[in-house]
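Quick notes on the structure that follows.
The values are calculated or read from the model by the stated rules, or taken from the named source; none is laboratory data. Quantities reported herein were computed from a predicted structural model and do not represent experimental measurements. When we count neighbours, we look across all protein chains shown, and the Cβ atoms used for this are built from the backbone with ideal geometry, even at glycine.
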Amino acid sequence: MTYTTRIRRGTVAACTALVLALGAAAPALAGDTQPHVATYTQQHTQRGELIASTPLSKLTSAELTKFLEGRDMDASTVRHGVRAYRLTYRTVDPQGQPTTATGLFVLPDSKRQRLDLVSDTHGTMVHRDYAPSVGEDFGRVAPYLHASAGRAVAAPDYLGLGKGPGKHPYMDTKSAVTASVDMLRAARSAARQQGRTLTGDVYATGFSQGGQVAMALGKELERGVDRHFRLRALAPVGGPYDLEGEEVPAVFDGRVNDISAIFYVSYFLVAQNRLHGIYQDPSEVFRAPYADRVEALFDGEHQEEDIVKQLPGTVKELLTPEFYERMQHPTGVLLDVLRSNSDSCGWGPKAPVRLYAGAADTDVPIANARSCAADLADHGVRAPVLDQGPVDHFGSFKAASPKIVRWFSELQQGR
């Protein structure tokens, strides 16, 4: 459960300035900006079917370097410029019903026709316009980095974010994975439209919430969810892999800072209640006056800083005494929800795995990565936990991302 715009104990004004700084626009794609629309009929729709590919931006290698360095990112891996597109595609909702989703597709501006594919899954976002295919900010840093190294990138917005309908089912691993698999399928079609071919080799990475999604996506790929794709490597960063055993306990023992804890807990409970009925009335969970406002805050249209201003300073002030205790000793539906979203590492990947984390992370403590590594070890897989040092949550992303780009390149060249 990770709050990607990194609200901390500082002032809301400082957070707002950070969001604005990250939102500086990159150059628009010159020429035709109309979407390439795939024809389809309702009778023949299928998961991953590409509905539209809309050009978003084109950056030269020099412009991309400036974009990354302006966000305090190491740009030494940049080899190519990039072209970015918003893909709209068919997928399913948490109940398995047909819906649509969007995502960011990025191609290197190179002469290579056959490209490997990186799946990059983003961290927690609450406003739909922060999603990679809409917001020209944090959500594009990793996709641009990977594409500039010579690989295509598919970065799903997830359900209910970007231009997709409905509300985001936050921390619902199953639907995040289906949206991610279907984004890979849509990327195959979009690549063909641009005269490129995807090899089928997939390198999966993701940050924060997306780190957990990346592990679960890798599991499905190795199970053969789509014969066109082969998992080649997994490199998640700062993922909340163990909600039951590490992340939720860390909210209550002080390892997660108060502002992030408030944000994650309220977002998680509201979103999961829409899916699983954790409570019938918000007053069963949230104290007054927060019970009357908390659900409306997570409608995909509120900014993070606006939400934080309308919530208290601690989780204890947010939750009723009864539910405060229940969160620490979950039972029933709540326990089922936590467990069902805590098993992304309970399998034995054939592809190599590296787990990146930061020792000073107070959003997703490094114990999550160590728990994931232990689960993988139980399945005969050695996955090193690569400590990025005394850095916070976003600092772990900044430190790890260029290293992951280099590692993927080494693996690709070694095949």
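To keep it simple, each residue is scored yes or no on (1) under 19 Å from the mean Cα position of the chain (by Cα); (2) more than 23 Å from residue 129 (Cα to Cα); (3) β-branched (Val, Ile, Thr); (4) crowded, with 17+ Cβ neighbours inside 10 Å.
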position: 214; (1), (2), (3), (4): yes, no, no, yes
position: 220; (1), (2), (3), (4): yes, yes, no, yes
position: 239; (1), (2), (3), (4): yes, no, no, yes
position: 249; (1), (2), (3), (4): no, yes, no, yes
position: 267; (1), (2), (3), (4): yes, no, no, yes
position: 291; (1), (2), (3), (4): no, yes, no, yes
position: 298; (1), (2), (3), (4): yes, no, no, yes
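Looking at (1) crowded, with 22+ Cβ neighbours inside 10 Å; (2) among the hydrophobic types (A, V, I, L, M, F, W, C); (3) over 14 Å from residue 354 (Cα atoms), which is the only condition residue 405 fails?
Exception for residue 405: condition (3).
In the stretch 272-286, is there at least one residue being among the basic types (Lys, Arg), more than 30 Å from residue 87 (Cα to Cα) and not assigned by TED's automatic domain parsing to the domain that holds residue 384?
no
Going by the conditions given, is residue 381 assigned to a helix (DSSP H, G or I) and in contact (Cβ under 8 Å) with a residue 24 or more places away in the chain?
So residue 381 fails the test.
Do the conditions hold for residue 280, that is, is it under 27 Å from the mean Cα position of the chain (by Cα) and polar (S, T, N, Q)?
no
If I ask for residues that are among the small types (Gly, Ala, Ser) and either farther than 16 Å from residue 87 by Cβ or not assigned by TED's automatic domain parsing to the domain that holds residue 201 (or both), which ones from the stretch 161-181 would you list?
166, 175, 176
When you scan the stretch 99-114, how many residues do you find that are over 15 Å from residue 186 (Cα atoms) and in a strand (DSSP E or B)?
2
Residues 277, 206, 224: which one is surrounded by fewer than 23 Cβ atoms within 10 Å (Cβ to Cβ) and either out of contact with any helix residue (DSSP H, G or I) (no Cβ under 7 Å at 6 or more places or on another chain) or closer than 27 Å to residue 118 by Cβ (or both)?
Going through 277, 206, 224 in turn, just one is surrounded by fewer than 23 Cβ atoms within 10 Å (Cβ to Cβ) and either out of contact with any helix residue (DSSP H, G or I) (no Cβ under 7 Å at 6 or more places or on another chain) or closer than 27 Å to residue 118 by Cβ (or both): 224.
If you scan the stretch 238-264, which residues turn out to be hydrophobic (A, V, I, L, M, F, W, C) and more than 26 Å from residue 218 (Cβ to Cβ)?
251, 252, 259, 261, 262, 263
Kindly provide the set of residues from the stretch 138-150 that are buried (at least 24 other Cβ atoms within 10 Å of the Cβ) and either more than 12 Å from the chain's Cα centre (by Cα) or outside the structural domain of residue 91 (by TED's automatic domain parsing) (or both), ordered by number.
144, 145, 146, 147, 148
Can you pull out the helices (runs of 4 or more DSSP H) entirely within the stretch 212-302 that have at least 1 residues that are of a type in the set (D, E, K, R) and either free of Cβ contacts under 8 Å to residues at least 24 places away in the same chain or in contact with a strand residue (DSSP E or B) (Cβ under 6 Å, 6 or more places away or on another chain) (or both)?
Counting at least 1 such residues, we get 248-253.
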